[in-house]
1. Please note which helices (runs of 4 or more DSSP H) are completely contained in the stretch 1-112 and include at least 3 residues that are farther than 30 Å from HIS188 by Cβ.
2. Could you identify the single residue in GLN49, GLN72 that is of a type in the set (S, T, N, Q), at pLDDT 95 or above and in contact with a strand residue (DSSP E or B) (Cβ under 8 Å, 6 or more places away or on another chain)?
3. Among the residues of the stretch 29-70, count how many are over 25 Å from TYR177 (Cα atoms) and among the hydroxyl-bearing types (Ser, Thr, Tyr).
4. Specify which of the listed residues (ALA86, ALA56, ALA21) is under 29 Å from ILE173 (Cβ atoms) and crowded, with 17+ Cβ neighbours inside 10 Å.
5. Condition test on SER36, is it more than 13 Å from the chain's Cα centre (by Cα) and within 20 Å of THR116 (Cα to Cα)?
6. Of GLU139, GLU115, which residue is more than 25 Å from CYS71 (Cα to Cα) and of a type in the set (Asp, Glu)?
7. Going by what's in this entry, would TRP171 be described as touching a strand residue (DSSP E or B) at 6+ places or on another chain (Cβ under 7 Å), at pLDDT below 95 and not charged (D, E, K, R)?
Amino acid sequence: MCSWCWGYRPALERLQSRLPADVEIRCVLGGLAPDSDQPMPEEMQQMLQLTWRRIASQLGTAFNHDFWAQCQPRRSTYPACRAVIAARIQGQENEMTEAIQQAYYLRAMNPSDVETHVKLAAELGLDVTRFMQDITSAEVDALLQEDIAHTSALGVSGFPSLVLEVEGQRWPIAVAYQNELTTLNDIHDKLKWAKAKSVMKGWFVKKSG
């Protein structure tokens with residue numbers, strides 16, 4: 001539900017197609033905004049609408065502005081996060097993530113409503129009965145809290161963010177919205193550094209023995 005994440009999706013997809021075979025992407029949920037049944041403040045609605053227009057202008061990203069007239073926006077992203085985890089259980093995490101983004105930004109569907117995610121689950125061919133049980137379960141909520149804690153441990157303070165982890169070492173990676181080669185080069189540089197550090201560590205261990 002981060003509009004900059006939606007704007008970044010094309011670059012991320014291009015990046016994924018260029019990554020080294022031994023680099024695996026894991027998406028971690030940030031949580032962002034807890035459950036709320038309160039309408040989003042008018043000032044925030046206006047700010048987000050301006051953000052949508054800025055992203056569209058800078059990146060060419062498509063947005064359906066009918067959302068603001070057809071839905072009652074709420075600052076509540078946890079339902080969407082739980083929907084992703086419920087879909088993860090059935091092996092369709094990435095598909096659900098994209099479906100939620102398209103529903104929000106292109107189809108004027110409210111991602112703060114569980115009903116939206118149930119409809120998307122049906123469209124994806126998931127076991128809807130299982131999905132409905134999972135999305136409101138304590139187990140899925142606990143998994144969400146684990147993701148949020150992991151995001152915090154990674155040092156992430158904004159979205160989207162990329163972090164490279166190699167043998168327990170972590171580095172923030174540049175997020176380039178229009179040229180994925182900038183990000184790819186940063187990843188390669190960090191991998192070279194990690195490899196060199198590993199070789200040096202092995203050499204010192206050998207010498208000390």
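1. Values: elements: 3-18, 42-59, 67-70, 78-89, 93-105.
Because the criterion is at least 3 residues that are farther than 30 Å from HIS188 by Cβ, the helices (runs of 4 or more DSSP H) in the stretch 1-112 that meet it are 42-59, 67-70, 78-89, 93-105.
2. Details: GLN49 fails: in contact with a strand residue (DSSP E or B) (Cβ under 8 Å, 6 or more places away or on another chain).
Selected residue: GLN72, the only one of GLN49, GLN72 that is of a type in the set (S, T, N, Q), at pLDDT 95 or above and in contact with a strand residue (DSSP E or B) (Cβ under 8 Å, 6 or more places away or on another chain).
3. Residues flagged as over 25 Å from TYR177 (Cα atoms) and among the hydroxyl-bearing types (Ser, Thr, Tyr) within the stretch 29-70 amount to 1.
4. On the way: ALA56 fails: crowded, with 17+ Cβ neighbours inside 10 Å; ALA21 fails: crowded, with 17+ Cβ neighbours inside 10 Å.
Exactly one of ALA86, ALA56, ALA21 is under 29 Å from ILE173 (Cβ atoms) and crowded, with 17+ Cβ neighbours inside 10 Å, namely ALA86.
5. Numbers: more than 13 Å from the chain's Cα centre (by Cα): yes; within 20 Å of THR116 (Cα to Cα): yes.
Here the answer is yes, as SER36 does meet what is asked.
6. Details: GLU115 fails: more than 25 Å from CYS71 (Cα to Cα).
Only one candidate qualifies: GLU139.
7. Details: touching a strand residue (DSSP E or B) at 6+ places or on another chain (Cβ under 7 Å): yes; at pLDDT below 95: yes; not charged (D, E, K, R): yes.
Judged against the criteria, TRP171 is a match.
To keep it simple, each residue is scored yes or no on (1) of a type outside the set (D, E, K, R); (2) buried (at least 21 other Cβ atoms within 10 Å of the Cβ); (3) at negative phi; (4) in contact (Cβ under 8 Å) with a residue 24 or more places away in the chain.
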site	(1), (2), (3), (4)
ASP66	no, no, yes, yes
CYS81	yes, yes, yes, yes
GLN92	yes, no, yes, yes
TYR105	yes, yes, yes, yes
MET109	yes, yes, yes, yes
GLU115	no, no, yes, no
ALA121	yes, yes, yes, yes
ASP127	no, no, yes, yes
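The values are calculated or read from the model by the stated rules, or taken from the named source; none is laboratory data. All values reported here derive from a predicted model rather than from experimental measurement. Every residue, glycine among them, receives a Cβ derived from its backbone with ideal geometry; neighbour counts consider all protein chains shown.
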